[in-house]
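Colleague: First the structure, then my questions, so here it is.
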Amino acid sequence: MGNPRTRSRLHPRYAIAAAASIAAALTPIAAAGPASAATDAADATPVHIVLTPAEHADTAQSFTWQTGAKVKDGQVHLRKAGTKKWSVVDARVNEELESGGVPTRTHSATIDKLKPGTRYEYYVGNAAKVSDTYTFTTAGKEGDPFSFIYFGDAQNDIGAKWSPVVAQAFKRFPDAVGTVNAGDLVDVGSDNGLWNEWFGAMNGYSQTRNVIAAPGNHEYKQNDLLRTWKSNFEFPGNGPVASASTQGMTDGEKQTLAYQKQMQSALAETAYYTDYQGVRFITLNATRSEAIPLMTPKDLPECHVACPNPTELWLDMQRRWLDSALRDNPNKWAIAVFHQPVFSGSEGRDEADLRAAWLPVFERDDIDLVLMGHDHNYDRGYVNADKTDTPGMTTGPVYAISVSGPKYYEPAPADNNTWTQNGATQVVHAAHTSTFQGIQVSKDQIHYESVVAAKWDDKSDTDVPVGGTLDSFTITKYDDGEKYVTEAGMPIPKPKSTGKVSNGRVADESPAQEPADVPLGHELVGTLTAPTVAKPGPTTVNPSTGAVYVADGTTTGKGRVEAVDPRTGEVVDSFEAGAPIKDLTYDPAFNGVLVVYQDGRIASFIVAPGNFGAAYIPPIETGMKVVSTQYDSLTGQVFLGLADGTVVWLDENFKPVGQANVGAGLSAIRIDDGSGTLYVTYDNATDGEPGLRLFDTRDGMRKLAEYKLDAGAAFLDVDMKAGVAYVGHGDAGLSVVDLLGGKVTRFDKPEYGTSIGGVGVDSAKGIVYLASADRSPAALIVVGRQQAPRIDQSPVARIAVAGETATFDASGHGMPAASVTWEVRKKAPGNDKWTPVRGADSDVLEVAASKSVDGTQYRAVYTNNINGKVYETRSGSAILRVVNEK
């Protein structure tokens, strides 16, 4: 199946309407006018002046301003407030851009060696023109209280409708040290007129208080690809970095490194962190499909098989960096901000790939706040695993989504949305309501308050008036590591201990190991007997959840599709597509399945829990004998394989835009939307004829390779990451095609099925599911690709009170299944020796907390044996810190 990625492709029934511009009960506040703009290329007047935090906000400060493009010099003049002598620092001159027909550029400088908690005065410009004089104060010491304002999407009608929201926010929270903005600051990232409005709304604030911001998808609009964004703001350059070497790499690995190098540049100043007075603010770049041109290098090495998926890399590079930024955080608090949310409360929206990549890190590393936008509604909640036995109290991260501008989306049902479908709870929700949030941070607490700023139409579903508090809660974290999230009015538990956490050991934590390479090999894992469809047929796998979807392959009936949980082997849900099914493939763009009916129609259905089987795209008449289909999310095209050997591709409106004949007897197609390689199987009549061909859809359907297979090559799925194609034969068993080595291995013994009706691959686990049409030996046969153990989850640092039990969790998988042991490294100067923990042989390790184990590190070791060779993979390490009893 195609690689998972998310692209906007909503059916009209899920179309999202923008709010009507009707002001409802908005408190009248004078809107700020647009910021001045350069009148011509020689205009040296500084405009769009903005402060942004450096990595260490207590000792450094960044400055940016805009002038005409012919102005190629600029300085920051700085002095400690109340003194007379100015220091002068030259600014960097940024690239020339066009702003409303006027050539412009920005100037940026970061000044370090400042004193913490100190008020400074500054002005910017050059000999021709300088700005007014402004003041700012550097961050103080950890634990000193401060507040900031969180804004969701501003985006539309900024001058008229967002500007008064900003004014309200600073009136409500006058001491706020700055703003945190969750993307879509403007509607079109390249439109300087909109930036004039944004800076106009922030006039008086952006010059004196820090702006932290994450880019949204609208910052990419009109192919700007964040050029204007990076020109407007000077953020820290401490984001994700690429790997180091290309020596001995495959084409896919070389392409991976090329992507990573490009992504390192693309993510600069859009994925970053800053440490401010005890808080690590982490900003991420969550936009994927719009960012593909930005993340793709111009000299990308050629690759057709086992190629990287760029959006997966984009998320994974940030995931690894995020994990490191949280694990190495020297501060008590951590807050993340990005645009597209891990959970959505708006109809038709689901960022499944982003949730799969980042949510486990937030939960495992126990971040405090996650601030998001994009959905144009207000939502706040938690993951159900963080719930306590006390109503109104949780222990883990808090997830919030907000909108500050006037554009609204329709809400999903309160009892059926991506929160409820993915093990999370919405505590507060409000639709058609603009808000701002004031967040106050002190030594032991974060207090969060969401305030209704406006209701720009008559559809708001909250009774809270403009200016009223919509939502509030408090996060309490004591020195002994205890953390509680309490709703307004709830009592806050007292600490169990008066002790403080020690600094722990000096040695760094060890990262998780990558699994060793293993020669390609497969083995029978077992069977699944639960599916009840009359004739197990077309099969596909959800890569995010591992769920297996198997359709009824009979020529009669209503096209029943069942979801099987491979962990339990049980059928967990089902729906009827309405008619007999010919092909079934998972599509991550909408978390659903594409269906080809035996009469040639195509359709798609949602498979999210709680909405399972809802028609996303109702059946469409194609007028063609379609036997198989795939969606290419990179190009937005739908590929149809026809019985006569023709492949037709459709645009996003399902209109044919091209076709090619790829050979008679076509039985199935699959596409790698990362490389554009199309895989085609053929129902060959005799052994030794071409049963699999590969074509380059982005080079005129050029044939790349051909493989001769036994007769009856029918159903197909591909492990794109490993470069292995799996072909099910209608008469018996499976052919495994090593696309890198060019070798075909046949599995035709009865235990591999006597009549294969479908093939589905879980690339993440290296598992293949074969649907046996005659249920011999079972409805589903499970085959595994041999793999050294891979770490799914490393343990995380724990803080425990002496006398309690500290629990460490890890998980990993391999083929054959891996066993687990644990190792310990005791706190001692220069000690790098790891020793086994006796009797520890499960994914959970319990340690009796005492001062003697304070600073000790633990890690899990997963082991398996493949053809007589032992493979071991170690998890990342985790430290135990112990505080004294109360």
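Colleague: Please turn the phi angles of the range 779-789 into ³J(HN,Hα) values with the Karplus equation 6.51 cos²θ - 1.76 cosθ + 1.60 (θ = phi - 60°), one per residue in order, whole Hz, x for glycine and proline.
Modeller: For the range 779-789, the Karplus-derived couplings read 4, 10, 10, 10, 10, x, 7, 4, 9, 5, x Hz, x marking Gly and Pro.
Colleague: Per residue, how big is the convex hull of the range 592-641 when only Cα atoms are used? Give it in Å³.
Modeller: Spelled out: Cα convex hull of the range 592-641, divided by residues, is 74 Å³.
Colleague: Let me know the charge dipole size of the chain about its Cα centre in debye, to the nearest 20, where only the beta-carbon of Lys, Arg (+1) and Asp, Glu (-1) is charged.
Modeller: So the magnitude is around 2080 debye.
Colleague: Pairs Lys141/Lys496; Lys221/Lys407; Lys72/Lys221; Lys407/Lys459: which are spaced more than 19 Å apart, C-alpha to C-alpha?
Modeller: The answer is Lys141/Lys496; Lys72/Lys221.
Colleague: Can you give the charge dipole size of the range 194-352 about its Cα centre, rounded to the nearest 20 debye, using +1 on the beta carbon of Lys and Arg and -1 on the beta carbon of Asp and Glu?
Modeller: For this selection, approximately 380 debye.
Colleague: Also: Probe radius 1.4 Å, ligands and nucleic acids ignored: give me the carbon and sulfur share of the accessible area of the range 61-182 as a rounded percent.
Modeller: Here carbon and sulfur together make up 49 percent of the probe-accessible area.
Colleague: Report, to two decimal places, the Cα Rg of the chain normalised by 2.2 N^0.38 Å (N = number of residues).
Modeller: For the chain, the normalised Cα radius of gyration is 0.99.
Colleague: While we're on this one: For the range 44-176, what ratio Rg/Rh do Cα atoms give with a Kirkwood hydrodynamic radius?
Modeller: 1.00
Colleague: Looking at the range 840-871, which chymotrypsin sites (Phe, Trp or Tyr not before Pro) are DSSP coil and have at most 10 other C-beta atoms within 10 Å of their C-beta?
Modeller: Nothing satisfies the criteria.
Colleague: Take Arg838 and Asp774, extend 7 Å from each Cα along the Cα→Cβ direction, and tell me the distance between the two endpoints in nm.
Modeller: If labels sit at Arg838 and Asp774, their model points lie 5.7 nm apart.
Colleague: Report the percentage of all Cα-Cα pairs in the range 98-193 whose separation exceeds 21 Å, rounded to a whole percent.
Modeller: 56 percent
Colleague: Please list 395-408, 354-367 highest first by mean number of surrounding beta-carbon atoms within 10 Å per residue.
Modeller: The peptides rank, most packed first, as 395-408, 354-367.
Colleague: Sum -39500 (n - 2.57) across every DSSP H segment of at least 4 residues in the chain, then divide by the residue count to get the 222 nm mean residue ellipticity, nearest 500.
Modeller: Counting only the DSSP helices, I get -2500 deg cm²/dmol.
Colleague: Once label points are set 7 Å from the Cα along Cα→Cβ at both Gln222 and Asp792, what is their separation, rounded to one decimal in nm?
Modeller: In this crude label model, Gln222 to Asp792 measures out at 4.7 nm.
Colleague: Which one of Thr805, Tyr862, Thr835 is farthest out on the positive end of the charge dipole of the range 786-886, using unit charges on Cβ (Lys, Arg +1; Asp, Glu -1) and the Cα centre as origin?
Modeller: Thr835
Colleague: Hey, what's the chain come to in accessible area per residue, 1.4 Å probe, Å²?
Modeller: 37 Å²
Colleague: A further question on this structure: What are the extents of the Cα atoms of the range 651-737 along their three principal axes, listed from largest to smallest and rounded to whole Å?
Modeller: Principal-axis extents of the Cα atoms in the range 651-737, largest first: 39, 28, 22 Å.
Colleague: Cα gyration tensor of the range 399-513, axes a ≥ b ≥ c as square roots of the eigenvalues: rounded (a/c below 1.5), prolate (a/b > b/c) or oblate?
Modeller: Prolate.
Colleague: Along the three principal axes, how long is the range 154-292 when you take its alpha carbons, biggest first, rounded to the nearest angstrom?
Modeller: 60, 38, 19
Colleague: So if each residue of separation counts as 0.36 nm, and I subtract the Cα-Cα distance between Ser442 and Glu621, what length gain in nm does that give?
Modeller: Net length gain for the segment: 58.3 nm.
Colleague: Given the convex hull of the Cα atoms of the range 743-797, what is a quarter of its surface area in nm²?
Modeller: The orientation-averaged projected area of the Cα hull of the range 743-797 comes to 5.3 nm².
Colleague: Counting only protein heavy atoms and using a 1.4 Å probe, what share of the accessible area of the range 526-615 belongs to carbon plus sulfur, as a whole percent?
Modeller: Of the solvent-accessible surface of the range 526-615, carbon and sulfur hold 47 percent.
Colleague: For the range 212-315, max minus min Cα coordinate along each principal axis, in Å, sorted largest first?
Modeller: 46, 34, 19 Å, listed from the longest principal axis down.
Colleague: Place a label point 7 angstrom from the Cα of Asn884 along the Cα-to-Cβ direction, then list the residues of the range 794-825 whose backbone nitrogen is under 13 Å away.
Modeller: 802
Colleague: Continuing with the same structure: Under a crude label model (7 Å from the Cα following the beta-carbon direction), how far is Asp461 from Glu98 in nanometres?
Modeller: Roughly 4.5 nm, to one decimal.
Colleague: How much of the accessible area of the range 830-870, probe 1.4 Å, is carbon plus sulfur, in whole percent?
Modeller: 47 percent
Colleague: While we're on this one: Could you give the length gained by full extension between Asp40 and Asn416, i.e. 0.36 nm per residue of separation minus their alpha carbon distance, to one decimal place?
Modeller: 130.0 nm
Colleague: Mind listing the phi-derived Karplus ³J(HN,Hα) values for the range 765-770, rounded to whole Hz, using 6.51, -1.76 and 1.60 with θ = phi - 60°, and x for any glycine or proline?
Modeller: Each residue of the range 765-770 in turn: 9, x, 10, 10, 10, 10 Hz.
Colleague: Hey, another quick one. If packing is taken as the average count of other Cβ atoms within 10 Å, what order do 330-340, 108-118 fall into, highest mean first?
Modeller: Per-residue Cβ counts within 10 Å, averaged per peptide and sorted highest first, yield 330-340, 108-118.
Colleague: Could you tell me the calculated FRET efficiency between Asn661 and Asp517, based on Cβ-Cβ distance and R0 = 30 angstrom, to the nearest 0.05?
Modeller: 0.15
Colleague: Give, in nm to one decimal, the length gained when the segment between Lys84 and Asn867 is fully stretched (0.36 nm per residue of separation minus the Cα-Cα distance).
Modeller: Full-extension gain reported as 274.1 nm.
Colleague: Cα gyration tensor of the range 79-128, axes a ≥ b ≥ c as square roots of the eigenvalues: rounded (a/c below 1.5), prolate (a/b > b/c) or oblate?
Modeller: prolate
Colleague: Determine the distance separating the Cα centre of the range 827-886 from the Cα centre of the range 295-354; give it in Å without decimals.
Modeller: So the separation of the two Cα centres works out to 29 Å.
Colleague: Next question, about the same structure. Against the longest alpha carbon principal axis of the chain, how many degrees, from 0 to 90 and to the nearest 10, is the axis of helix 192-201 turned?
Modeller: Approximately 50 degrees, to the nearest 10.
The values are calculated or read from the model by the stated rules, or taken from the named source; none is laboratory data. Computed from a predicted structure; not experimentally measured. Heads up, the Cβs are rebuilt from the backbone with ideal geometry, glycines too, and the neighbour counts pull from every protein chain shown. Quick note on the areas: whole protein, heavy atoms, side chains included, nothing else; ligands and nucleic acids left out. Shrake-Rupley method; radii C 1.70, N 1.55, O 1.52, S 1.80 Å.
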